[in-house]
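Read-outs throughout are calculated quantities, based only on the coordinates presented, and are distinct from any laboratory measurement. Since we're looking at a predicted model, the values are computed, not measured. Note: ideal-geometry Cβ built from the backbone for every residue, glycine included; neighbour counts use all protein chains shown.
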Amino acid sequence: MDVQAAILQRRSTRGFDDTPLTDEEIRTLIDAALASPSVLNIQPWHFAFVTDKAAMDEMDVLLRELYTHEFGEKSEKRHFYNAPLFVAITVKSREKNRYTHIECGIAVENLALSAMGLGLGSVIMHTPSIGFASEKGAYFKEKMGIPADNEFIIGIVIGHSAEHPEAHSIRENRYTIV
Ligand SMILES: Cc1cc2nc3c(=O)[nH]c(=O)nc-3n(C[C@H](O)[C@H](O)[C@H](O)COP(=O)(O)O)c2cc1C
């Protein structure tokens, strides 16, 4: 798949079938993440590749509880959408700077586009930040292979799409040509 096609055809996929990813697919995704650019090539990140569905399901339960507490109504939403892979991008809290979110944002899009190249779907996710910021945060970091002193910045779930969403609508006045 060429790069422009991958960019234009990427969609947030919120449903995955049960097919696990192969070691080769995961290796390709690791290479894409590690190829990401960063200021002064510092590579501030840690990528936790989580294939432990029990861990994701457990965090799902916590997120539902926290959402129910926050919004007052019971949520049945599955935040990980049954995906076989969750990648958590984290950085050392004390090393965060003004570029950290940009760098991790580029890396997460590298992962989304690499997934497209493999014929896989993905959705970028901020919601796990709520679980990692909770009192069970340290527990989930350990369970998901995230260094204890790291802070969650952004994540992505990846798998075989069980749905084919439309492209998002494009809002007006989002660019100029001079
Ligand atoms: C930084 C960021 C965080 C996001 N967090 C979530 C999330 O937690 N859960 C979710 O379902 N989608 C999440 N999304 C996906 C957006 O809702 C989605 O990108 C947007 O609606 C546009 O749709 P598209 O990705 O199909 O083009 C996130 C996207 C970005 C860029």
* Enumerate the lysines that residue 143 could reach by cross-link, defined here as Cα to Cα under 25 Å, with residues fewer than 8 away along the same chain left out. => 53, 77, 92, 96
* Asked: What order do you get for 125, 1 when you list them from fewest to most C-beta neighbours inside 10 Å?
  -> 1, 125
* Just need log10 I(q)/I(0) for the range 3-159 at q = 0.14, 0.19 Å⁻¹, Debye formula, equal scatterers on the alpha-carbon atoms, no solvent, rounded to two decimals. => -0.69, -1.23
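For the range 88-178, just run the numbers: alpha carbon Rg, then divide by 2.2 N^0.38 Å, N being how many residues it has.
Working: Rg = 16.1 Å, N = 91, 2.2 N^0.38 = 12.2 Å.
Its radius of gyration relative to the 2.2 N^0.38 Å reference: 1.32.
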* How do 175, 81, 67, 139 rank when sorted from fewest to most other Cβ atoms within 10 Å of their own Cβ? -> 175, 139, 67, 81
* Asked: Any idea how far the Cα center of the range 105-123 sits from the one of the range 43-73, in Å?
  -> 20
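Once fully extended, how much extra length lies between residue 74 and residue 46, figured as 0.36 nm per residue of separation less the alpha-carbon to alpha-carbon distance?
Additional length available on full extension: 6.7 nm.
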* So how far apart, in nm, are the two label points at residue 133 and residue 19 if each is 7 Å from Cα heading toward Cβ? -> 3.6
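Arranged by the count of other C-beta atoms within 10 angstrom, fewest first, what order do 13, 22 take? Before the final figure, lay out each step's value.
On the way: 13 22, 22 10.
By the 10 Å Cβ count, ascending, the order reads 22, 13.
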* Asked: How much length is gained on full extension from residue 30 to residue 169, taking 0.36 nm per residue of separation minus their Cα-Cα distance?
  -> 47.0 nm
* If you place +1 on the Cβ of every Lys and Arg, -1 on the Cβ of every Asp and Glu, and leave all else neutral, what size is the dipole of the range 3-159 about its Cα centre, to the nearest 20 Debye? -> 380
